[in-house]
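Contents: one structure, followed by commentary.
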Amino acid sequence: MTDKALPEIPETTSPVVSNEPPRELRINFELDGRTVVAGTVEDSIRFLVSTRHDIFRTLFIQSFPLFTTAPELFSLFDRLLESSSGGRRIGIRALRQDWLHVLDASDIAQIRSSPQSHTGTARSPFSEEVEVFMASRSQPSPTFSRSSLGSGKVSRPSSDSLAAALTTLEAELFSRVTYVDCMTYLRDSPSTVPSNIREILETRIKIKDWVIITVLQARDASSGTESSSARAAMYRFFVQIALRCHKIGNFSSAFAIAGALHSHYFNSLPITRPQARWRSDGQKRLEELYTLAAYRKALEKWNGPCIPVLDTYLREWTTSFKPSHIQKVDDEGFSWVDYRRCAEIRSAMGSILRYRHHLPNVRGGHDPDTMHYLDSRLNRNWETIDLDKMGKAYEEKEHEEDKHRSVGYPSKPR
């Protein structure tokens, strides 16, 4: 079950602590005017099985990484199933099935390898059911399916076409991110990053490397040789892509490209000097895309579909929220989950994840030839290149060329 399939929790609802905790447990709070019981993980499951409460069900399933792990919850479900019968057993199985739908491949791998999934040398009934579930579960298709890519026989696409393709790519990646992904990141980063989030972060790095190296290695169209004028033209080309991405609501790609163009690899090159003739061609506007404050301001004013810059919020959440504050251990050693705090964290994440349901759908974003071009650029093993060494070499080369131009030579005299 994806986040979209789970009952929605109103994002504007504020949890309120009740004055009279229920007799069964110690903690409760209200969401949307309804009392939600909370407490230990086991008692929370029992409550959800005995009382259908969609809002708390959603909160429990989506925030479980804050107070337990997939193998631990797997083991608990298994034990409760073994000790239950009749309607209660059916309820536990239904809740567990909803929970299975929010797990990613790494969660399933942990369950499969955990000691709890085996009884002696035999696998538990629950573990066998996990295998059946995973076999029937449809996996998301690759962002760039090879069958959908063009022949590759295409020259460099226009800035608008590349902006559209980047938007299609980033929209698909962002649409896959779930609350569980964000909760797991909050708990485990930087040691473990959920695959859906990791792909977004890696794509951001690929975009920046692609921009930096492509500008530095730019060649003149007629002569095929590298030159400062070709680098300036390529720099302007990526400025236009960033501006177009920003205009259609792809803040993620715009932020990545602007960050690359503002990197130290270009700071000392003559092509980026303030007095360069083309500086007025979008350079000031580019500064508005690069700063975090300007991005936040633009997002506040934005009314249409968009792709936010997820990694800026991941850093903010890991700073503001600590999983250690979620559970409280009483004098008897019982661990109690503070679901009010879980709701606050989920609400903060929801203010950004809500954009998954309103993503840009740009005309031309699925053009197979443009997609092939972009795929070949983003997956070119840029990480094997020493950017610092390359940047220094081009800085020295361009300053030497600039020095010779200043005395009347078009380039270094032969």
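Couple of notes before you dig in:
- Residue that is in contact with a helix residue (DSSP H, G or I) (Cβ under 9 Å, 6 or more places away or on another chain), in contact (Cβ under 8 Å) with a residue 12 or more places away in the chain and surrounded by fewer than 20 Cβ atoms within 10 Å (Cβ to Cβ), where the choices are Asp43, Asp54, Asp98, Asp107: Asp98
- Residue check: Pro157 meets all listed conditions (1) in a helix (DSSP H, G or I); (2) modelled with pLDDT of 90 or more but one, namely (1).
- Picking from residues in the range 274-333 that are modelled with pLDDT under 85 and of a type in the set (A, V, I, L, M), the one that is farthest from the chain's Cα centre (by Cα) is Ala276.
- When the range 377-414 is limited to residues that are over 17 Å from His264 (Cβ atoms) and of a type in the set (Asp, Glu), the one that is modelled with the highest pLDDT turns out to be Glu383.
- Subset of the range 202-217 [closer than 15 Å to Val309 by Cβ and of a type in the set (A, V, I, L, M)]: Ile205, Ile207
- Spans of helices (runs of 4 or more DSSP H) in the range 171-255 with at least 1 residues of a type in the set (Lys, Arg) and over 30 Å from Gln110 (Cα atoms): 195-216, 228-247
- Number of residues in the range 191-221 that are surrounded by fewer than 18 Cβ atoms within 10 Å (Cβ to Cβ), in contact with a helix residue (DSSP H, G or I) (Cβ under 7 Å, 6 or more places away or on another chain) and among the hydroxyl-bearing types (Ser, Thr, Tyr): the value is 1.
The values are calculated or read from the model by the stated rules, or taken from the named source; none is laboratory data. From a predicted model like this one, the values you see are computed outputs, not experimental measurements. All Cβ positions, even for glycine, are placed from backbone atoms using ideal geometry, and neighbour counts span all protein chains on display.
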